[in-house]
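Novice: Here you go, one structure.
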Amino acid sequence: MRNGVIYGRISDDPTGKAAGVERQVDECRTLAEAASVHIVETLIDNDLSATTGKRRPSFERVLELVRAGQVDTVVIWHTDRLYRLPRDLEPIIELADDRRLRFLTVTSSEIDLNTASGRMVARILAAASAQEVEHKAERQKSASDQRAARGLPTTRPGYGYERVDGRDVVVEAEAHVIRDAARRVLASESLRAVAADLNARGVPSPGGAPWQGVTLRQMLRRPSLAGLRTHRGVTVGAFDPTLHPAILDVDTHERLLALFDDPARRRPSGGRTPKHLLSGLAECGLCAEVLGGRMHRLPPWQPKPGSKSKPVKAAYACNKCHKVRRLQAPVDELVDRVIVARLERPDAAAMFTTGDPAAAREARDAIDATDARLALAADQFADGTLTGDQLRRITEKLRARRSELEQQLTAVLPPQMPHDLVGPRARAVWDGLHIDAKRAVIRALARVIIMPAGIGRSFNPDDVRIDWHAPA
Ligand SMILES: [Zn+2]
């Protein structure tokens with residue numbers, strides 16, 4: 001009596017499914033009995049794809065049993081189940097070569113791997129299988145091509161969406177997280193700070209793990225958030241909005257990409273977000289050392305009644321000559337006021353432009369003109385000169401023009417600068433900026449130098465010097 005092993009595999013091909021692995025094993029058992037083979041083990045790999053190259057532990061076990069000489073017969077339903085691809089066939093041929101290894105197959109004709117011609121047939125079949133696998137992958141790819149060509153969502157919709165009946169539906173709570181993160185990152189808040197805030201607020205992340213800057217960036221980069229359809233990494237068009245609505249507008253998406261791809265943004269790792277507006281930025285007026293932000297106990301102390309601790313206030317201090325030290329609050333207030341006043345002047349745009357300052361000015365003037373025409377059209381509608389239909393058409397045209405101009409403007413500004421930071425809205429926009437962004441703006445505009453002052457003297461604005469950089 002010979003000893004044998006039954007090997008079955010759950011496969012995704014139609015024949016495999018039709019047969020069912022249990023029936024395969026039953027039929028193998030019947031065959032083994034008829035051939036007087038004693039079955040030592042029945043092994044099954046739950047491997048839905050023979051093509052992924054995943055480990056197949058039961059297959060390995062079959063090889064082990066054969067190598068150890070515990071079995072000399074392998075009972076299979078079809079040779080496909082055991083060696084469909086050349087990479088599976090070769091170790092089996094190796095074993096068959098020096099042992100009298102017999103294969104019993106239920107549905108395919110027996111192939112004797114002990115003979116050269118049997119091995120040749122097996123190799124040809126395996127090669128054919130490999131080709132079929134490749135072809136199948138091609139078919140799957142072309143199915144996804146067709147889906148993509150029809151504007152249908154192909155891959156899983158990801159954070160912000162859920163798929164309902166083949167359509168992607170916005171999950172409002174997640175969309176809110178995305179929009180909020182995009183807005184904050186565009187205002188130059190660091191990804192890390194936004195991630196930390198999401199974690200602090202207990203906002204669940206897509207994978208359940210804590211939010212991280214890296215994963216947040218990956219998420220915000222996704223073109224599908226802006227309703228853009230990509231195929232093999234290239235944007236090929238827009239989704240049908242009824243099948244996949246956008247969460248971010250295309251403009252925001254492009255500004256995010258520009259921001260993430262800006263090399264100037266990459267901070268040395270481990271750098272901390274500064275707490276003070278000017279620490280590490282303002283310079284000492286005596287020795288030109290960069291001032292640090294420090295907590296200082298400054299006179300006159302007025303301890304709260306009953307409190308042992310003395311009041312502590314933040315100050316900028318020179319750690320080199322130790323002769324310059326100013327309370328932070330009044331210095332920050334002054335610099336804040338001066339910078340915003342500078343930003344409110346339209347020519348400040350010239351100080352930020354990375355490309356053509358004239359182009360930036362032109363775009364900004366054109367935006368102002370467009371706004372004026374929008375206002376005029378609204379007035380004309382109000383006093384009956386325009387019909388609602390005319391107003392709608394004019395407004396539509398002007399809005400499109402405006403967003404075009406905004407894009408032009410954004411293109412010549414450093415990506416982290418909101419386009420309306422310069423001009424009449426400067427104060428509101430500035431106040432909404434993250435401290436990182438404010439520092440970047442100050443750095444771009446001027447040097448801040450803090451002059452020495454006598455201890456105890458009240459704050460004198462002349463003690464702070466602001467040296468504007470020459471416009472680009
Ligand atoms: Zn100094």
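The values are calculated or read from the model by the stated rules, or taken from the named source; none is laboratory data. All values reported here derive from a predicted model rather than from experimental measurement. When we count neighbours, we look across all protein chains shown, and the Cβ atoms used for this are built from the backbone with ideal geometry, even at glycine.
For (1) among the basic types (Lys, Arg); (2) more than 25 Å from residue 432 (Cβ to Cβ); (3) outside the structural domain of residue 259 (by TED's automatic domain parsing), each residue gets a yes or a no:
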| position | (1), (2), (3) |
| --- | --- |
| 156 | yes, yes, yes |
| 165 | no, yes, no |
| 168 | no, yes, no |
| 171 | no, yes, no |
| 174 | no, no, no |
| 179 | yes, no, no |
| 184 | yes, no, no |
| 189 | no, no, no |
| 193 | no, no, no |
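Novice: If you check 332, 249, 336, which single one turns out to be outside the structural domain of residue 461 (by TED's automatic domain parsing) and either at pLDDT below 85 or away from the ligand (no atom under 16 Å from the Cβ) (or both)?
Specialist: None of the other options fit; the residue is 249.
Novice: Can you list residue pairs whose Cβ atoms sit under 7 Å apart, with the first residue in the stretch 358-382 being modelled with pLDDT under 75 and the second being aromatic (Phe, Trp, Tyr) and surrounded by 14 or more Cβ atoms within 10 Å (Cβ to Cβ)? Count only pairs 6 or more apart in sequence or on different chains.
Specialist: Taking only residues 6 or more apart or on different chains, not a single pair turns up.
Novice: Moving on. Could you please tell me which pairs satisfy a Cβ distance under 8 Å, a separation of 6+ or placement on different chains, a first residue in the stretch 112-127 that is over 19 Å from residue 78 (Cβ atoms), and a second residue that is surrounded by fewer than 16 Cβ atoms within 10 Å (Cβ to Cβ)?
Specialist: 114/97; 114/100
Novice: Hey, among the residues in the stretch 80-109 that are surrounded by 19 or more Cβ atoms within 10 Å (Cβ to Cβ) and among the hydroxyl-bearing types (Ser, Thr, Tyr), which one's modelled with the lowest pLDDT?
Specialist: 83
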